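This report refers to the structure that appears directly beneath it.
The values are calculated or read from the model by the stated rules, or taken from the named source; none is laboratory data. Just so it is clear, the model here is predicted, and its values are computed rather than measured. So basically every Cβ, Gly included, is an ideal-geometry build from the backbone, and we count neighbours across all protein chains shown. Side chains are part of the model used for accessible areas, which takes the heavy atoms of the whole protein and leaves out ligands, DNA and RNA. Shrake-Rupley method; radii C 1.70, N 1.55, O 1.52, S 1.80 Å.
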Amino acid sequence: MWDLAQRGGWAPEGGVTDLPSSTDPGYCSLLTGCKPATHGVRTTSWRYARLPAWAGVETPRVKTIFDTCGAAGIGTAAIVADDRGLLCTGSADRRWPPGGVIPRGTALDAHGYPRNSAVLPHLLSAISDPSLGLVFGHVNEADTIGHDQGPESEAARGIYRETDRLVGELLDVLASRWGETVVVIVSDHDMQSRTSLAPIDPMANQAEGLWDGYVPDGGAALVHLRAGVDPDKARQALMRIDGVETCDTSTELAIVGAKPGRIFAAPRYPAGGFHGAPVTARTVALVGGGHPAVRQIADAIQATRPHLADWAPTLAAVLGIDLGRVDGVNLLR
């Protein structure tokens, strides 16, 4: 990956995503070109319990880059290790796991997701298919190991090296079509290690009765404001809670971010690492390939940190299609 970035480009400070900086909002932003307020997927916590209506939706309410490619006759593939969370891959022409169901006998990691080695053959097959104009690939083991043992653990570093080798295998296969290829490598979030600091419980800090519930997502939380509450007053009250670093409010919702090392009170916690917070809103952002657009994209992300929502309109422009009105920007402009 470092070699790819040197020959192409990278964002020196990384890219950026919104809070909560977690999987489902991030990937929906990546594949729709819209931010959570527009696509509606605000948290990954729906996996653990049914969300109240004020906390967003479970699937994006806007079209994806796969939809637009399909309408233009451009073949697409989504080869992923976490199809339960990457909820906007359904309209890809070619999917693995097929129908979102992991085939029996697939090698799984500790969280039940296909291991990188199980994803790789399907990804190699997809990028070798000349009928496909866009291939989205996703590997998950670094996330699993990071949650269980910490993002800086030796086990995690071993998976990072393995992932790097996997990328090398993919790049080798693409060599024969390098001049027409754009490779973008991103992550949905960063990760920080757990600490012994006490979890933040907004419900234990609501003496003024300004909110009546919250949904935790690691180092961020969605807080529901009571009807008629002044959002600015609620923001000030939330900012006074020990451990809170940021707070953005709207009419009924506050999105609260924790200081480094702090996590919001939840039914269960990861043993090693977690995300969701402002400090983990940094994403990997690398670009490479021999396509003429690569140099311009590289210059753009070196000058300005790309948001995950910028990648779909940028790749759409490379493919000669238009996503319509989105929140992200085309980095080729």
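How do Glu58, Glu141, Glu154 stack up against each other in accessible area, from largest to smallest, with a 1.4 angstrom probe? Mind dumping the intermediate values first?
Working: Glu58 50, Glu141 10, Glu154 130 Å².
Heavy-atom accessible area, descending, gives Glu154, Glu58, Glu141.
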If N is the number of residues in segment 195-287, what value comes out of its Cα radius of gyration divided by 2.2 N^0.38 Å? 1.10
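Taking Rh as the Kirkwood radius computed over C-alpha pairs, what is the Stokes-Einstein D of segment 236-293 at 25 °C in a medium of viscosity 0.890 mPa s, expressed in µm² per second? It would help to have the intermediate numbers written out before the result.
Working: Rh = 14.2 Å.
Result for D is 173 µm²/s.
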To the nearest 10 square angstrom, what accessible area does Cys88 show with a 1.4 Å probe? 10
C-alpha long axis of helix 116-127 to longest principal axis of the chain, angle in °: 50
Using r as the Cβ-Cβ distance of Ala37 and Ala72, and R0 as 30 Å, what FRET efficiency do you calculate, to the nearest 0.05? 0.65
List the aspartates and glutamates whose alpha-carbon lies under 13 Å from that of Lys259, not counting same-chain residues fewer than 8 positions away? Asp242, Glu245
Please list, or write none, the aspartates and glutamates whose alpha carbon is within less than 14 Å of the alpha carbon of Lys233, excluding same-chain residues fewer than 8 places away. Glu208, Asp248, Glu252
Angle in degrees between helix 23-32 and the longest Cα principal axis of the chain, rounded to the nearest 10: 50
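Computing the accessible area with a 1.4 Å probe over protein heavy atoms, can you report the carbon and sulfur percentage for segment 1-87?
On the way: 1700 of 3220 Å².
About 53 percent, which is the carbon plus sulfur part of the accessible surface.
When the solvent-accessible surface of protein heavy atoms is calculated with a 1.4 angstrom probe, in what order do Thr59, Thr17 fall, highest first? Walk me through the intermediate numbers first.
Values: Thr59 80, Thr17 15 Å².
I get Thr59, Thr17, largest accessible area first.
Using only the heavy atoms of the protein chains and a 1.4 Å probe, how would Arg240, Arg333 rank by accessible area, largest first? Write out the running numbers ahead of the final one.
On the way: Arg240 155, Arg333 230 Å².
From most accessible down to least: Arg333, Arg240.
For segment 1-127, what mean projected area does the convex hull of the alpha carbons give, in nm²? If you can, show how the numbers build up before the last one.
On the way: hull surface 39.2 nm².
With the hull built on Cα positions only, its mean projection is 9.8 nm².
If you average over every viewing direction, what projected area does the convex hull of the Cα atoms of the chain give, in nm²? Working shown, then result.
Working: hull surface 66.4 nm².
If I average the Cα hull's projected area over directions, I get 16.6 nm².
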Considering only C-alpha atoms, what is the centroid distance from segment 262-333 to segment 14-50, in Å? 12
